[in-house]
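Asks: So that we are looking at the same thing, I have put the structure below in structure tokens.
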Amino acid sequence: MFSQPRHITRSAAMIDLLRKRPEAHKFDHGHALVLSGGPGQTGAARLAARGALRIGAGLVTLGVPHSAQMEVASQTTALMLTPIDDADGLRSVLEDDRINALCLGPGMGVKRAAEALEVLLGEGGVKPRPTTLDADALTALAGDAALFGALHDRCVLTPHGGEFARLFPDIAKRLREEPMSGPAHSKVDATREAAKRAGCTVLFKGPDTVIAAPDGRCAINAAQYDRAAPWLATAGAGDVLAGFIAGLLARGFAPMQAAQAAAWLHVECARSFGPGLIAEDLPEELPRVFRALGL
Ligand SMILES: NC(=O)C1=CN([C@@H]2O[C@H](COP(=O)(O)OP(=O)(O)OC[C@H]3O[C@@H](n4cnc5c(N)ncnc54)[C@H](O)[C@@H]3O)[C@@H](O)[C@H]2O)[C@@H](O)CC1
Ligand SMILES: Nc1ncnc2c1ncn2[C@@H]1O[C@H](COP(=O)(O)OP(=O)(O)O)[C@@H](O)[C@H]1O
């Protein structure tokens, strides 16, 4: 029997975790690698990377194909950039052990995401690292049972409704069904079942975001009623969330902690900015939200 899911709220414990120690240097806050797609498709990864940097990762590098290098370089400053064209390129960049968190999927394209997943999760792959898997990485995972089976407990999957149905079609079907007898299958039940099957943290997005760990721990981040954030329904908001999680993983947060804090801060940023919000406003609102928390 599982305990009731907890509702994520502002807490002293979360604020303490978010604080940076005065004596720390940038490598103490970790180095996140965000993989980008090719030319014309780099925006989503740039949004994620900006989110990872603003949430406090010490360094954030975008892994970009040579063909998109100029496009990305012309739009980034504090973010770093390294060319990664293929599996060998990724392997070589990951020889640097200081890269301690990854973000895969936003704008990557399903083929490039699948290649990267093979390096990270496939046989003879690199040392496993905390990893956020979003967007095209989820679609790639849905098409490859072996890779799905190789997910480890430091991964965080961040599906929206469409991606959830692709990854877990049977669970999504039950979620949609009218209950014929007994209680309905809820989003909490569905996310818990998904996390158990995947063997890692699953964050199922929406106005009621549910986050579950394989051991049954579960939390709800509600953006409804007096905490409604309807302007989050905008292209790229999820890419920023993936970056927030990767940034916190780089800072050493455990996967459940990272997913919960990121989801809560994401809604706080949207509410603090207010109507007219677009995705790039979310990372830029974090300093105001952090100041209000007393960081
Ligand atoms: N600025 C950018 O560069 C952006 C790039 N994006 C990238 O575009 C690619 C495709 O992502 P998409 O998510 O659009 O496409 P997908 O095709 O993967 O998923 C969208 C489909 O799922 C369905 N769906 C069902 N429930 C849904 C829900 N709750 N929320 C959203 N869709 C739901 C939709 O109807 C739609 O048919 C990804 O690589 C993504 O990262 C998007 O994130 C938007 C912003
Ligand atoms: N109506 C809404 N109210 C609150 N949050 C929402 C709403 N619609 C979407 N969101 C949030 O916005 C983000 C959208 O992510 P996603 O669907 O992946 O978009 P994208 O792929 O364009 O980045 C998620 O974090 C989701 O929880």
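Asks: What FRET efficiency would be calculated for the residue pair residue 127, residue 291, taking the C-beta separation as r and a Förster radius of 41 Å, to the nearest 0.05?
Replies: The value I calculate is 0.65.
Asks: Moving on. Output the relative contact order of the range 150-235, whole-number percent, from Cα pairs under 8 angstrom with separation of 6+ residues.
Replies: Result for the range 150-235 is 27 percent.
Asks: Could you look at the range 151-274 and say what percent of its accessible area is carbon and sulfur, using a 1.4 Å probe and all protein chains?
Replies: The computed percentage sits at 54.
Asks: Using the reciprocal of the averaged 1/r over all distinct C-alpha pairs, how large is the Kirkwood radius of the chain in Å?
Replies: Value: 19.0 Å, from the Cα pair sum.
Asks: Ok, one more. Evaluate the distance, in nm, between pseudo-label points positioned 7 Å from the Cα of residue 88 and of residue 144 along their respective Cα→Cβ axes.
Replies: 1.9 nm
Asks: On full extension of the chain, what length is gained from residue 9 through residue 73, given 0.36 nm per residue of separation minus the C-alpha to C-alpha distance?
Replies: In short, 19.3 nm is gained.
Asks: Just to confirm my understanding: which cysteines in the chain have no other cysteine beta carbon less than 4.7 Å from their beta carbon?
Replies: 103, 218, 269
Asks: Skip the ligands, DNA and RNA, and give the accessible area per residue of the range 1-107 with a 1.4 Å probe, whole Å².
Replies: 50 Å²
Asks: Next question, about the same structure. How much accessible area does residue 178 have with a 1.4 Å probe, in Å² rounded to the nearest 10?
Replies: Its accessible surface works out to 150 Å², give or take rounding.
Asks: How much FRET efficiency would the formula 1/(1 + (r/R0)^6) give for residue 81 and residue 180, where r is the Cβ-Cβ distance and R0 is 35 Å, rounded to 0.05?
Replies: Result of the calculation: an efficiency of 0.05.
Asks: Right, next: Normalised by the residues of the range 51-90, what does the relative contact order come to in percent, with Cα pairs under 8 Å and at least six apart? The partial results should precede the final answer.
Replies: Details: 39 pairs, mean separation 16.6, N = 40.
Over the range 51-90, the number comes to 41 percent.
Asks: What number, in percent, do you get for the relative contact order of the range 198-272 if the mean sequence gap of Cα pairs under 8 Å and at least 6 apart is divided by its residue count?
Replies: 28 percent
Asks: Can you list the aspartates and glutamates whose alpha carbon is less than 15 Å from that of residue 196, not counting same-chain residues fewer than 8 positions off?
Replies: Filter leaves 153, 170, 215.
Asks: Right, another one. Using Cα positions and a limit of under 17 Å, work out the aspartates and glutamates in reach of residue 205, with same-chain residues fewer than 8 apart set aside.
Replies: Within reach: 134, 136, 163, 189, 193, 239, 268.
Asks: If you don't mind, there's one more thing I want to ask. Based on C-alpha coordinates, I'd like the Rg and Dmax of the range 128-259, in Å.
Replies: My reading of the Cα-based Rg and Dmax gives 14.4, 46 Å.
The values are calculated or read from the model by the stated rules, or taken from the named source; none is laboratory data. These numbers come from a predicted model, not from an experiment. Positions of Cβ are generated from backbone atoms using ideal geometry, with glycine treated the same way; all protein chains shown enter the neighbour counts. When the accessible area is computed, the model is the full protein with side chains, heavy atoms only, and any ligands, DNA or RNA have been set aside. Shrake-Rupley method; radii C 1.70, N 1.55, O 1.52, S 1.80 Å.
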